[in-house]
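The values are calculated or read from the model by the stated rules, or taken from the named source; none is laboratory data. All values reported here derive from a predicted model rather than from experimental measurement. As a convention, Cβ positions derive from the backbone with ideal geometry for all residues, glycine included, and neighbour counts pool all protein chains shown.
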Amino acid sequence: MKIKKKNINTLLAIFSGLIIVYSVVFFKTLSNIDEEFKYTFKSEENYLFHKKYSKQTHHLRNESALDTIIVDTKARDLLFTNIYEKGEKTILFQGDSFIQQIHRIKNKKSYEMLKDFGIKKEINIIGAGIASYSPSLMNMQLDLLEKDFNIKPNIIIAFINQKDFGDELCRYKKNKVYIDGKFEKIYQENDFEGEGWFNYSNAYGLSEIKFKNTSIYFTTFEIINFKAKKKITRVIKKINYLMKQKKLPKKCYNEEMDRYLYHPSKADKKYFRKTIAEYINKVAEKKNVEKLILVTFPLKEHFLYKKNKTKNVLPYNIATLVNKTILDKKDIIHLDFSDLLLDDLSYDYTSIWTKDQIHLNPTNHSNIFIKNILKELNSLL
């Protein structure tokens, strides 16, 4: 009898302790409710759009990017932005943040140059650049733009960044799905990998709670339950993954992705060429496309090496792989800025970058990058 009573007391003590802990967590969460929603979506429309379409293309623009866009934005600007839309034909710009820069307030000149070109040529200009978009994601995006937004470009400008090499090999390769040998789908990042740059599970879950507009107390209850469930689910997924794969996938930080570019293997190069070829084949399926222009741009390290200002290892130039991939495709143009700029020693191309030393500053984005793209387009139209 004493043992039974002792067990009951122990259970009551544990239960009481859990209630105290939960109460502390509850009131702490309640007092910091605004902080809990700090990184959620501001608009329910944006949240629903982002959740729907990021599943199909791995990720979209972050909602914060809308604040930097020149035009009045809609939810669709998470995927693409209309620069000029009163023409009969359409030019589509695809690529990563180099292309996404087009719409930014800081890059107003680039935006105006493209809009003026659209007005002059009476042709629609659409910017679909999204940070870290490489050939595989552009592949998925192209289908999505046609299927859900009836965007059928006549000319495509596809920017392939040097950093796409690491993106494809480290970030996307493990998440691609092939059906009958054809690339058909790409999964989002695994939740157990943590709050990665393109892991939106936390933002989606908390946004859903926020937009329910329930009482603050019930909202607090839901936040606690969501976070607890997420932690438990993450542990279970992690264990299941380890049982199948023996080790966790690499976390694709910049240092890890750069490793591929500085020390590329034959297999890495072959795979990257495959992703470019897959994208080209996707474009070829679109009967409306009359011309594909692939664009590449060297890194700052390429300029430094050319001027003998560095003793560091030279990163591989993916322009070489683009050239090899399109060798027998006479209808595809490669606008290779390495050919245009690396031999020009009269200009200091080491000072054309933003603070991150990766992107072009606004002046050179318009005067070098956009100017030469428009020059190429002028020769076609």
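Of the helices (runs of 4 or more DSSP H) lying entirely inside region 296-353, those carrying at least 3 residues that are more than 28 Å from K106 (Cβ to Cβ) are 319-325.
Residues that are of a type in the set (S, T, Y), surrounded by 17 or more Cβ atoms within 10 Å (Cβ to Cβ) and in contact with a strand residue (DSSP E or B) (Cβ under 9 Å, 6 or more places away or on another chain) occur in region 263-281; there is at least one.
Taking region 39-55 as the range and being charged (D, E, K, R) and over 17 Å from the mean Cα position of the chain (by Cα) as the test, the residues that pass are K42, E44, E45.
A single member of F183, F159, F198 is at pLDDT 95 or above, of a type in the set (F, W, Y) and closer than 30 Å to A284 by Cβ, and it is F159.
In summary, N364 fulfils each of the numbered conditions (1) within 19 Å of S110 (Cα to Cα); (2) in contact with a strand residue (DSSP E or B) (Cβ under 7 Å, 6 or more places away or on another chain) with the single exception of condition (2). Filtering region 312-367 to residues that are hydroxyl-bearing (S, T, Y) and at pLDDT 90 or above leaves Y316, T320, T325, S338, T354, T363, S366. Could you list, in sequence order, the residues of region 88-104 that are within 17 Å of K355 (Cα to Cα) and not polar (S, T, N, Q)? Answer for region 88-104, where residues must be within 17 Å of K355 (Cα to Cα) and not polar (S, T, N, Q): F98, R104.
Restricting attention to region 58-77 and to residues that are assigned to a helix (DSSP H, G or I) and over 30 Å from E122 (Cα atoms), the residue that is modelled with the lowest pLDDT turns out to be S64. State whether the residues of region 214-226 include one that is assigned by TED's automatic domain parsing to the domain that holds F159, closer than 23 Å to H59 by Cα and not polar (S, T, N, Q). No, the conditions are met nowhere in region 214-226. Within region 163-178, count every residue that is surrounded by fewer than 19 Cβ atoms within 10 Å (Cβ to Cβ) and modelled with pLDDT of 90 or more. Counting residues in region 163-178 that are surrounded by fewer than 19 Cβ atoms within 10 Å (Cβ to Cβ) and modelled with pLDDT of 90 or more gives 4.
Have a look at K210, K231 and point out the one that is of a type outside the set (A, V, I, L, M, F, W, C) and surrounded by fewer than 16 Cβ atoms within 10 Å (Cβ to Cβ). Only one candidate passes the filter, namely K231. Of all the residues in region 229-266, those that are more than 29 Å from Y316 (Cα to Cα) and in a helix (DSSP H, G or I) number 17. Taking (1) touching a residue at least 24 places away in the same chain (Cβ under 8 Å); (2) farther than 30 Å from V322 by Cβ; (3) of a type in the set (A, V, I, L, M) in turn, I157 satisfies each apart from (2). The residues of region 325-360 that are free of Cβ contacts under 8 Å to residues at least 40 places away in the same chain and buried (at least 17 other Cβ atoms within 10 Å of the Cβ) amount to a single one, I352.
Quick grid of which residues meet (1) among the β-branched types (V, I, T); (2) within 27 Å of E112 (Cα to Cα); (3) in contact with an Asp or Glu (Cβ under 7 Å, 6 or more places away or on another chain):
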{"residue": "F41", "(1), (2), (3)": "no, no, yes"}
{"residue": "L48", "(1), (2), (3)": "no, no, no"}
{"residue": "S64", "(1), (2), (3)": "no, yes, no"}
{"residue": "T73", "(1), (2), (3)": "yes, yes, no"}
{"residue": "I91", "(1), (2), (3)": "yes, yes, no"}
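Quick test of your reading of the structure: A267 fulfils all but one of (1) modelled with pLDDT of 95 or more; (2) under 30 Å from K89 (Cα atoms). Name the failing condition by number. Going through (1) modelled with pLDDT of 95 or more; (2) under 30 Å from K89 (Cα atoms) one by one, A267 breaks only (2).
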